[in-house]
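First comes the structure, then the notes that go with it.
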Amino acid sequence: MTPIIPPSPNRAAQPCTVPTRVVIVDDHPMVAEGVEAILESYDDIEVIATLSDGRQIIDQVQALNPDVILLDLNMPGLGGLSTTEIILERRPNTRILILSMHDSPEYITSALSHGALGYLLKDVPTDEIKRAIDSVMAGERYLCTGAQGSLTPTGDGAREQLTNREQTILLQLAQGRSNKDVALALEISVRTVETHRKNIKRKLGISSTAGLTRYALEHGVLQGTGVQL
């Protein structure tokens, strides 16, 4: 019988680490390329795509199957907040890190309330991007130092009472879209939109569409959507 020889300690099998799959979405090529170059220096991160707008990542998110999306807040067309809402409706386990040059509390709280797990200013040190990705992959929320310093409680609990779907529909309505347009965009019935619209008005104590728009402006709901205020 051939003797069984134990493997040499130096030849022991090494654990296989699956790299974190990252997509970068930013309409500024220099920013996207710079972030990609930073992340490619890490063995445990794989940049699987760099895209330039929200619609592209929404169309490709199922096929790409990313773990983390680094998402620009301000993009032409479909902005970062709308994109975040739609992606999380379709793939709730996706971790979204917002990239922005804005450090105001309104921008930060809007991003977090729309489902982003983290917020990074575009001038953060390169190693902080890696820390942010590791944090959201561990299920933790991450705010860069500049964002932490700016974030303050809003003192208004009404908006937190809205469901994720109601927040999505509020965002759509505040951009002037009709019930039919919202239904088509979210792939739901017009009647469902009307029901959500009534619930939103009831929860916020608002009786008109104009009132919803004013609320959205005053509470930063439209920040990062591409709408010119």
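The values are calculated or read from the model by the stated rules, or taken from the named source; none is laboratory data. The structure presented is a predicted model; accordingly, all values stated were derived computationally and were not measured. Every residue, glycine among them, receives a Cβ derived from its backbone with ideal geometry; neighbour counts consider all protein chains shown.
Here is a yes/no grid of residues against (1) assigned to a helix (DSSP H, G or I); (2) in contact (Cβ under 8 Å) with a residue 24 or more places away in the chain:
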site	(1), (2)
E166	yes, yes
I169	yes, yes
G176	no, yes
T195	yes, no
K201	yes, no
I206	no, no
Exercise. If only one of L97, L112 is in contact with a Gly (Cβ under 6 Å, 6 or more places away or on another chain), of a type in the set (A, V, I, L, M, F, W, C) and either part of a loop (DSSP other than H, G, I, E, B) or in contact (Cβ under 8 Å) with a residue 24 or more places away in the chain (or both), which one is it?
Worked result: L97
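Determine if the range 57-70 includes at least one residue that is in a loop (DSSP other than H, G, I, E, B), under 20 Å from L170 (Cα atoms) and outside the structural domain of T168 (by TED's automatic domain parsing). Let's see the steps before the verdict.
Step one: filter the range 57-70 for residues in a loop (DSSP other than H, G, I, E, B), giving 65-67.
In the following step, the residues that additionally are under 20 Å from L170 (Cα atoms) were identified as none.
Scanning the range 57-70, I find no residue that is in a loop (DSSP other than H, G, I, E, B), under 20 Å from L170 (Cα atoms) and outside the structural domain of T168 (by TED's automatic domain parsing), so the answer is no.
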For this session: Taking L78 as the residue in question, decide whether it is of a type in the set (A, V, I, L, M, F, W, C) and within 18 Å of L186 (Cβ to Cβ).
Result: yes
Exercise. Taking E187 and the conditions (1) within 22 Å of T94 (Cα to Cα); (2) more than 17 Å from the chain's Cα centre (by Cα); (3) surrounded by 14 or more Cβ atoms within 10 Å (Cβ to Cβ); (4) modelled with pLDDT of 80 or more, which numbered condition does it fall short on, given that it satisfies the others?
Worked result: (3)
For this session: Might you check whether a residue that is at pLDDT 95 or above and within 16 Å of the chain's Cα centre (by Cα) occurs anywhere in the range 33-46?
Result: no
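A quick yes/no check of all residues on (1) surrounded by 22 or more Cβ atoms within 10 Å (Cβ to Cβ); (2) in contact with a strand residue (DSSP E or B) (Cβ under 8 Å, 6 or more places away or on another chain); (3) hydrophobic (A, V, I, L, M, F, W, C):
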{"residue": "G80", "(1), (2), (3)": "yes, yes, no"}
{"residue": "T84", "(1), (2), (3)": "yes, yes, no"}
{"residue": "E89", "(1), (2), (3)": "no, no, no"}
{"residue": "R95", "(1), (2), (3)": "yes, yes, no"}
{"residue": "Y107", "(1), (2), (3)": "yes, yes, no"}
{"residue": "S113", "(1), (2), (3)": "no, no, no"}
{"residue": "G118", "(1), (2), (3)": "yes, yes, no"}
{"residue": "K130", "(1), (2), (3)": "no, yes, no"}
{"residue": "L143", "(1), (2), (3)": "no, yes, yes"}
